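Step one of this worksheet: look at the structure below.
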Amino acid sequence: MRVEYRGPMHRGAIRYTRYCICDTIKVNGSIIEHIPVLAEILTEQIKLPPDGIMVDATIGHGGHSFLFGKTLGPEGVIVGLDVDKNAIRRAQFILKDLACKVILIHSNFSRISEQVHEQGIDKVDFILADLGLCSTQLADSRMGLSFLQDMPLDMRIDKRLKSTAADIVNKADEKSLADLIYKFGQDRASRRIARFIVRERESGPITTTAQLAKTVCKALGSARRGRKSKIHPATRTFQALRIAVNDELENLKKLLASVPELLNKNSCIAVISYHSLEDRLVKNDFKRNEKDSIYRVITKKPIVPTRQEIAENRRARSAKLRIAQKK
Ligand SMILES: C[S@@+](CC[C@H](N)C(=O)[O-])C[C@H]1O[C@@H](n2cnc3c(N)ncnc32)[C@H](O)[C@@H]1O
């Protein structure tokens, strides 16, 4: 579905730097800035011809696409996908003055092939997937993703999805909850957390992020202190639920499986991931395709942000960039 831009939403400032476009918008009354991650190294590694066609599978605020779009001429094309309708609107605003054609589609990247082919495009010169979330989504109460603020426990990035995190937390049996927290959150205390969640919901449904975070903290209180963990006790449980609600790993597998057929010879796929479950999928996919003589892996080791980038943009701290080239 093509989405029309209906005017800036909560628009603040846009800061342009040499390697970066920082989109600053107001969310729930606070100013939030989204800075594209590893943008400098990406634009140094990937050079598109003026008539190049790129797919930004996760358009977000359009920060990366803006930088690549600046190098494209009127014959160039950017196809941008996102499951968040608001992201599509923001990107439309950011990218509106580029010389190239910009096609923005409210779609999951698991459907990348059909979306690209529907535009009459057979092959493309670059595919970028910057996984995870924008800073603004984390702060947006409609998303219900943050354990640092109190929000309705939702976590659906695509509001067309049926099940919310609250549905899972209140309906799943204790074993399924524990398995989910272990599998997608890699939390060794998953059984204890699931037990506390089930106990908590006996006195009424868990409906907010703060209620869930408090329950996890109660479950982990002394155990977490013993482990000297640097992260918030609820981080892994929230990650697990977000992955489950949005079916993130299955969608990533479908995206990766579609890429070889879409790329022109010598063209690249670049993926920025933010946790090890995603990064492992990308690493193994690239390796498998290299073994089958379909890809040449450009990044034998993932590229990570410099200390300076992390100091300027905390969201970058867990980022890993992998690039492969179609043979
Ligand atoms: C980290 S942000 C991308 C930021 C973007 N690179 C920029 O510079 O502005 C990730 C985006 O991917 C979107 N997203 C997450 N999963 C998706 C999926 N399966 N299909 C399409 N978009 C997805 C999110 O809604 C979010 O807007």
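Throughout, read-outs are computed from the coordinates displayed, never taken from laboratory work. On a predicted model such as this, the values are computed, not experimentally measured, just so you know. Cβ placement follows ideal geometry from the backbone for every residue including glycine, while neighbour counts extend to all protein chains displayed.
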* Write down the percent of antiparallel bridges among all DSSP beta bridges whose residues are both part of the chain, to the nearest 5. => 50
* **Gaussian network model of the chain, Cα within-10 Å springs - most flexible of SER273, SER141, SER176** => SER176
* Calculate, in whole percent, how much of the Cα-Cα pair population of segment 46-91 lies beyond 12 Å. => 55
* **Cα-centred dipole magnitude for segment 245-291, charges only on beta-carbon of K, R (+1) and D, E (-1), debye, nearest 20** => 280
* Structure fact -> Taking a straight Cα-to-Cα line shorter than 18 Å from LYS123, and setting aside same-chain aspartates and glutamates fewer than 8 residues away, one finds ASP51, ASP56, GLU75, GLU114, GLU261
* On full extension of the chain, what length is gained from VAL304 through ASP179, given 0.36 nm per residue of separation minus the C-alpha to C-alpha distance? -> 42.0 nm
* **Residue with peak Gaussian network fluctuation, the chain [Cα springs, cutoff 10 Å], from ILE35, ILE294, ILE157** => ILE294
* To do: Please report, in debye to the nearest 20, how large the charge dipole of the chain is about its Cα centre when each Lys and Arg carries +1 at its beta carbon and each Asp and Glu carries -1 there.
  => 1320
* To do: Can you list which of the trypsin sites (Lys or Arg not before Pro) found in segment 76-168 are DSSP loop residues with at most 10 other C-beta atoms within 10 Å?
  => LYS96, ARG160, LYS162
* To do: May I ask which of LYS183/LYS230; LYS96/LYS291; LYS254/LYS300; LYS70/LYS265; LYS47/LYS230; LYS253/LYS327 have a Cα-Cα span longer than 29 Å here?
  => LYS96/LYS291; LYS47/LYS230
* For segment 240-285, just list the percent of Cα-Cα distances falling in each 5 Å bin from zero outward, please. => 5, 18, 30, 23, 14, 7, 3, 1
* With each run of n ≥ 4 DSSP H residues scored as -39500 (n - 2.57), what mean residue ellipticity at 222 nm is computed for the chain after dividing by its residue count and rounding to the nearest 500 deg cm²/dmol? -> -12500 deg cm²/dmol
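Can you give the Rg/Rh ratio of the chain, where Rg is from the C-alpha atoms and Rh is the Kirkwood radius?
On the way: Rg = 20.1 Å, Rh = 20.6 Å.
Rg/Rh for the chain comes to 0.97.
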* Asked: Considering the dipole of the chain built from charges on the beta carbon (Lys and Arg +1, Asp and Glu -1) around the Cα centre, which of ALA213, LEU67, THR136 is farthest to its positive end?
  -> ALA213
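How about segment 26-132: which GluC sites (Glu not before Pro) there are in a DSSP loop, with at most 15 other Cβ atoms within 10 Å of their Cβ?
Listed in order of number, the matching sites are GLU75.
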